[in-house]
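Contents: one structure, followed by commentary.
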Amino acid sequence: MNPTPEKVRVELGNRSYDIYAAPGLLSGHPELLRPFVEGRGVLVVADSNTGALYGKKITDLVGTMNPASCSLHIFPAGESSKNFATVEQICRAACQAKLDRKGIVLALGGGVTGDMAGFAASIYMRGIEFIQIPTSMLAMIDSSVGGKTGVDLPEGKNLMGTFHQPKLVLIDTDLLQTLPPDQLRSGLAELLKHAVLFDPELFETLETEAETLLSLKDPAFTARIIARSCSLKAAVVSGDEREGAQRALLNLGHSFGHAVEKLQNFCGFSHGAAVAYGTAVAAELACRTGHLSRTEADRITDLFRRYELPVTLNEFSPEQILDAMAGDKKNMGGKKRLILPTRIGNCEIFADIADEDILSAIGACRD
């Protein structure tokens, strides 16, 4: 018997959509996908890893649903592919598959795939629909929800892109079984971040259930936790689709994390590891500037350690990291805008933190 999927609604008026999460979702509930692909041209976009694992399975599944056509486009896996050239290749693949304005793109993969497939869909024929089928924990919890799409530039991460909401998000937690442990932990970093931001009860659950989530031994529990995390993000996206105010809070840890990713030329820390490190620095900075108690700062850091995520870094000096933060797209008027926790379950945006305090906090997060 197929379990009833967890359902989360993202309310955005005529751009609203549903997120479903369950073990065996794709094979057990084809009725969720069928209305979106019947009679339409379909382009499945995957990287070389997910394409090899699941590409045929998804195209075969779509093929049973009477699409006008169904093609698979595969690009080389990795952050290094997240650029304009790959997006052009996706758009050309859509042309070659003869997708018209009623065609639809299925993003099958992690965050890189979803960001680029969504970006391509947003600009192909001035915008066609797309569906997210995330295969990584990071994509399930974070990048598949909210409509942010885009690519990297040499000057920084995600500096070019659009807001383009998916029509549907299908989260099959069975797909996590082939995920390497480091990528699983990377995704869980965003889950921990959501708990720090908005949900002290979820934070407590995560403190006690690290082994359950890291082992994936309870698929139904995993689906419930993912759905809870998605509901937290969905509430923020519904109230602030284009990051004018509250949605900026979701960037907790990203100012420091993106700076490190840039210094590592996007080939060192995974994104989740960078967010974990960045959140640890943010907690330390909040504590040192009197906005967070030492007890709660230590709980935040200890939680990330429990999930085997980095909370220290010796590779770069505090000055190097501070300099790399200068190009952060969250900055305004030459001032750094930092998201800092004020208690577990609540964060605020600060634009008046002195560089000396930032350097001190980064320096404290070294072994």
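The values are calculated or read from the model by the stated rules, or taken from the named source; none is laboratory data. On a predicted model such as this, the values are computed, not experimentally measured, just so you know. Every residue, glycine among them, receives a Cβ derived from its backbone with ideal geometry; neighbour counts consider all protein chains shown. Accessible surface areas use protein heavy atoms only, side chains included; no ligands, DNA or RNA. Shrake-Rupley method; radii C 1.70, N 1.55, O 1.52, S 1.80 Å.
Mind jotting down the three principal axis lengths of the range 128-246 based on Cα atoms? Whole angstrom, largest first.
Taking the Cα atoms of the range 128-246, the three principal extents are 38, 30, 30 Å.
Taking all pairs of different Cα atoms in the range 1-106, averaging 1/r and flipping that mean, what Kirkwood radius in angstroms comes out? Walk me through the intermediate numbers first.
Working: mean 1/r = 0.0656 Å⁻¹.
For the range 1-106, the Kirkwood estimate is 15.2 Å.
Give me the accessible area per residue for the range 213-367, probe 1.4 Å, as a whole number in Å².
41
Roughly what would the spin-label model give for residue 153 and residue 92, points 7 Å off Cα along C-beta, in nm?
With each label placed 7 Å out from Cα toward Cβ, I get 2.4 nm.
Specify the residue with the greatest mean-square fluctuation among 189, 326, 259, computed from a Gaussian network of the chain linking alpha-carbon atoms under 10 Å apart.
Highest fluctuation among the options: 326.
What whole-number value in Å² describes the accessible area per residue of the range 1-108 for a 1.4 Å probe? Please list the in-between numbers first.
Numbers: 5270 Å² over 108 residues.
In whole numbers, the range 1-108 has 49 Å² accessible per residue.
Can you pull the one-decimal nm distance between simple spin-label points at residue 366 and residue 160, each 7 Å off the Cα toward Cβ?
3.6
Would you mind calculating the relative contact order of the chain from Cα pairs under 8 angstrom and at least 6 residues apart, reporting the percent as a whole number? Before the final figure, lay out the partial values.
Details: 714 pairs, mean separation 56.5, N = 367.
15 percent.
Under 25 °C and 0.890 mPa s, how fast does the range 144-205 diffuse according to Stokes-Einstein, given a Kirkwood radius computed over C-alpha pairs? Answer in µm²/s, whole number.
The Stokes-Einstein estimate is 171 µm²/s.
For the range 69-124, count the residues as N, evaluate 2.2 N^0.38 Å, and divide the Cα radius of gyration by that value, please.
1.03
Once the principal axes of the Cα atoms of the chain are found, what is the range along each, listed largest first in whole angstroms?
60, 43, 36
So for the range 235-367, what percent of the C-alpha to C-alpha distances run longer than 21 Å?
The calculated P(r) of the range 235-367 puts 36 percent of pairs beyond 21 Å.
In Å and on Cα atoms, what radius of gyration and Dmax does the range 42-83 show?
That works out to 11.3, 35 Å for Rg and Dmax.
Using a Gaussian network for the chain with springs between C-alpha atoms less than 10 Å apart, which of these wobbles most: 118, 146, 13?
Most flexible of the set in this elastic network: 13.
Ratio of Rg to Rh for the range 238-287, alpha carbon only, Kirkwood?
Rounded to two decimals, Rg over Rh is 1.06.
Given R₀ = 45 Å, FRET efficiency for residue 52-residue 201 by Cβ-Cβ distance, to 0.05?
0.70
Name the most mobile residue of 257, 109, 39, meaning the one with the largest mean-square fluctuation, in a Gaussian network model of the chain with Cα contacts below 10 Å.
The residue that fluctuates most here is 39.
Please find the FRET efficiency linking residue 2 to residue 293, where r is the Cβ-Cβ separation and R0 is fixed at 41 Å, and quote it to the nearest 0.05.
0.35
Compute the long axis of helix 84-96 from its Cα atoms, compare it with the longest principal axis of the Cα atoms of the chain, and write down the angle in degrees, 0 to 90, nearest 10.
10
For residue 106, list long-range residues whose amide hydrogen, built 1.01 Å from N in the peptide plane, is under 5 Å from its own amide hydrogen.
Result for residue 106 returns 43, 44, 45, 131.
For the range 129-279, what is the relative contact order in percent, using Cα pairs closer than 8 Å and at least 6 residues apart in sequence?
With pairs under 8 Å counted, the relative contact order is 26 percent.
Using only the alpha-carbon atoms, how far is helix 355-364 inclined from the longest principal axis of the chain? Give it as 0 to 90 degrees, nearest 10.
80
Can you pull a Stokes-Einstein diffusion coefficient for the range 190-312 at 4 °C (1.567 mPa s), Rh from Kirkwood over Cα pairs, as a whole number of µm²/s? It would help to have the intermediate numbers written out before the result.
Numbers: Rh = 15.2 Å.
Estimated diffusion coefficient is 85 µm²/s.
What distance in nm separates the simple spin-label points at residue 11 and residue 317, each placed 7 Å from Cα in the Cβ direction?
Result: 5.2 nm between the two label points.
Over the chain, what is the percentage of antiparallel beta bridges among all DSSP beta bridges, to the nearest 5?
Bridges in the chain are about 35 percent antiparallel.
Quick one: pull the percent of accessible area on the range 98-247 belonging to carbon and sulfur, 1.4 Å probe, ligands and nucleic acids left out.
Details: 2590 of 5110 Å².
Its accessible area is 51 percent carbon and sulfur atoms.
Kindly express, to the nearest 10 degrees and within the range 0 to 90, the angle between helix 219-239's C-alpha long axis and the longest C-alpha principal axis of the chain.
80
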